[in-house]
Amino acid sequence: MLPRQVIRWPAWIFQASPEWWRTACVLGTSVGQQRWPSFPWRLCSAPAFRGCHSTVPRVPGVMLTSERYPVQRLPFSMVSEEDLAAFERIIPGRVVTDPADLEVANVDWLRTVRGCSKVLLRPRTTEEVSCILRHCHQRNLAVNPQGGNTGLVGGSVPVFDEIILSTALMNQVISFHDVSGILLCQAGCVLEELNHYVQERGFIMPLDLGAKGSCHIGGNVATNAGGLRFLRYGSLRGTVLGLEVVLADGTVLDCLTSLRKDNTGYDLKQLFIGSEGTLGVITAVSILCPPRPKAVNVAFLGCPGFTEVLQVFSTCKGMLGEILSAFEFMDAECMQLVGQHLHLTRPVQESPFYILVETSGSSGDHDAEKLDGFLEKALDSGLVTDGTVGTDQRKVQVLWSLRERITEALSHDGYVFKYDISLPVERLYDLVIDLRTRLGPSAKHVVGYGHLGDGNLHLNVTAEAFSTALLAALEPYVYTWTAAHRGSVSAEHGLGFKKKDVLGYSKTPAAVQLMGQLKALLDPKGLLNPYKTLPACA
Ligand SMILES: Cc1cc2nc3c(=O)[nH]c(=O)nc-3n(C[C@H](O)[C@H](O)[C@H](O)COP(=O)(O)OP(=O)(O)OC[C@H]3O[C@@H](n4cnc5c(N)ncnc54)[C@H](O)[C@@H]3O)c2cc1C
């Protein structure tokens, strides 16, 4: 993010303000302050933090997936001493069998599912991945591709003893073209590092998410991750130009073009975007990076109700148009949890809802003028009751961290039942209200937040511990509700292990059948990420 270079707020405020006000304006401008100058300024005391690292509590004792869920091991071979020796020949010194090292790779980020793999492989090259998969194919060994292991649907860790194939060492940038903004890199590059790399060259990555500090670009593509820039730059289905993929039998499929236009038949790369490691292992990515915006502003606003949130969104689209780059919302309970578990400070008055609006543009003055106009209108019409604006990099980060770290705060609150759904935007919050009544005190918290601009709700229910009774109250209720409102049961997180059986709520039987046929064609032995993405019957 670029710091704003120009003073965004009208000069009279600086001239007429006492010293504390002046300081506040440098750190960021409160639109609420403009209305109620007697309010003491609420400085954000949170550290400038963006991205998930390793702050999730390391609670021992995650139950084995095979014990918690009714799933049977398929008749794959077991890894033998001969297999380990073969892997050692392919990737000398990078065959991990130490139980302590394997523990981390066997458990997901949320600490809700756990496999019992006995081996993790760390290839560096596509050729090594190909040799590994050829061997696994011959020996009928199941494989779990793993990137940063930040996935939220249990897809990134084995269900039983599948071999973990990590892309962590496949972290080289292959090339970057500073006219076109096309980046070619290996699949294991960490998203945040790629963003730094292209930022230094005047570009940004077209996607951004709270897990940026750990997730890999290959994992992002494999899950077709949406995230915080989706509103502006759209889906990876548009920005990924080419992929290199190793198929289940070891065949290298080179679709790594850097062409914006290529209508030579079927667009094969699309099959692998969002396939969650079930059709092939992505080894390299070609991606189009947009130019780095020269001016970035973030407004964090308090809102009296969800109807007002929707009206602010309409106003925002109308008034900010081409510079609007994110429109996120969170409810009061989310704010309470980031305060309670992460000690982040609420930067505005307490409100039922909060909105984060980001603008990114090429002219600071122009953007400032537009944002001021929008904020004035939102305040005057009572749609917004308080707000603050980030005008420098630090404040922008502090405001973003309130939204980005909700997932992390929830994981500190207990066991989390997670739902990531798309709905018509006007119905986006109804299910949260409905569930609060339905679940009553059996849930600790029922919260709603998400990418409102994309019609994507993150609905989360926390409890002291996993509870089958709570699960039964939630499922299939959440899915039937979503399907009845013509929504999608997975907006951006994918299906993984946890959501594979609910595919039918969003896809017709004919579509599910075709997906099964594609899987059978590309991976006839079903070795890649078994028990995931497709329902057992597909
Ligand atoms: C704090 C936090 C915030 C998040 N925010 C968002 C968000 O805003 N939007 C969003 O969409 N997601 C979000 N996620 C979910 C997650 O970060 C994304 O799904 C991410 O794209 C996963 O990348 P990864 O490298 O960690 O993949 P992993 O978690 O390792 O794997 C995910 C899936 O992809 C497969 N896979 C991984 N690498 C490859 C490969 N090279 N080839 C083939 N298959 C592969 C795995 O087998 C698995 O099925 C968030 C997660 C966290 C923890």
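The values are calculated or read from the model by the stated rules, or taken from the named source; none is laboratory data. As the structure is a computational prediction, the values presented were derived from the model and not from experiment. Cβ sites come from the backbone with ideal geometry, for glycine too, and all protein chains shown count toward neighbours.
For the stretch 117-144, the set of residues classified as over 20 Å from Ala187 (Cα atoms) and β-branched (Val, Ile, Thr) consists of Val119 only. Checked across the stretch 294-317, the condition of being within 16 Å of the ligand (Cβ to nearest atom) and polar (S, T, N, Q) holds for no residue. Condition (residue is within 27 Å of Glu404 (Cα to Cα), touching a Phe, Trp or Tyr at 6+ places or on another chain (Cβ under 6 Å) and not assigned by TED's automatic domain parsing to the domain that holds Thr97) applied to the stretch 185-198: is it met by at least one residue? Checked the stretch 185-198: no residue is within 27 Å of Glu404 (Cα to Cα), touching a Phe, Trp or Tyr at 6+ places or on another chain (Cβ under 6 Å) and not assigned by TED's automatic domain parsing to the domain that holds Thr97. Does Ser422 fit the bill of being in contact (Cβ under 8 Å) with a residue 40 or more places away in the chain, of a type in the set (Gly, Ala, Ser) and surrounded by 16 or more Cβ atoms within 10 Å (Cβ to Cβ)? So Ser422 passes the test. With respect to the conditions (1) assigned to a strand (DSSP E or B); (2) away from the ligand (no atom under 16 Å from the Cβ); (3) of a type in the set (A, V, I, L, M); (4) surrounded by fewer than 23 Cβ atoms within 10 Å (Cβ to Cβ), Leu379 falls short on a single one, namely (1). I need the strands (runs of 3 or more DSSP E) fully contained in the stretch 161-271, keeping only those with at least 2 residues that are under 19 Å from Pro290 (Cα atoms) and touching a strand residue (DSSP E or B) at 6+ places or on another chain (Cβ under 8 Å). By residue number, 173-177, 182-186, 240-246. Cβ-Cβ contacts under 6 Å between residues 6 or more apart (or on different chains), taken from a first residue in the stretch 493-506 that is over 9 Å from Gly154 (Cα atoms) to a second residue that is part of a helix (DSSP H, G or I) and within 11 Å of the ligand (Cβ to nearest atom), are listed as Gly494/Thr223. A single member of Ile182, Ile217 is more than 12 Å from the ligand (Cβ to nearest atom) and outside the structural domain of Leu110 (by TED's automatic domain parsing), and it is Ile182. Please verify whether Ser275 is of a type in the set (Ser, Thr, Tyr), within 15 Å of the ligand (Cβ to nearest atom) and part of a strand (DSSP E or B), treating the condition exactly as stated. Judged against the criteria, Ser275 is not a match.
For the stretch 382-397, a tally of residues being in a strand (DSSP E or B), over 27 Å from the mean Cα position of the chain (by Cα) and of a type in the set (S, T, N, Q) returns 0.
For the stretch 221-242, check the following and say yes or no: at least one residue is under 25 Å from Leu534 (Cα atoms) and away from the ligand (no atom under 14 Å from the Cβ). Within the stretch 221-242, one or more residues are under 25 Å from Leu534 (Cα atoms) and away from the ligand (no atom under 14 Å from the Cβ). Leu207 falls short on exactly one of the conditions (1) within 15 Å of the ligand (Cβ to nearest atom); (2) surrounded by fewer than 23 Cβ atoms within 10 Å (Cβ to Cβ), and that condition is (2).
Against the conditions (1) among the hydroxyl-bearing types (Ser, Thr, Tyr); (2) crowded, with 18+ Cβ neighbours inside 10 Å; (3) over 30 Å from Leu410 (Cβ atoms), Thr112 satisfies every one except (3).
Yes/no matrix, rows are residues, columns are (1) closer than 16 Å to Glu88 by Cβ; (2) surrounded by fewer than 20 Cβ atoms within 10 Å (Cβ to Cβ):
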| site | (1), (2) |
| --- | --- |
| Asn140 | no, yes |
| Asn144 | no, no |
| Gly151 | no, no |
| Leu165 | yes, no |
| Val173 | no, yes |
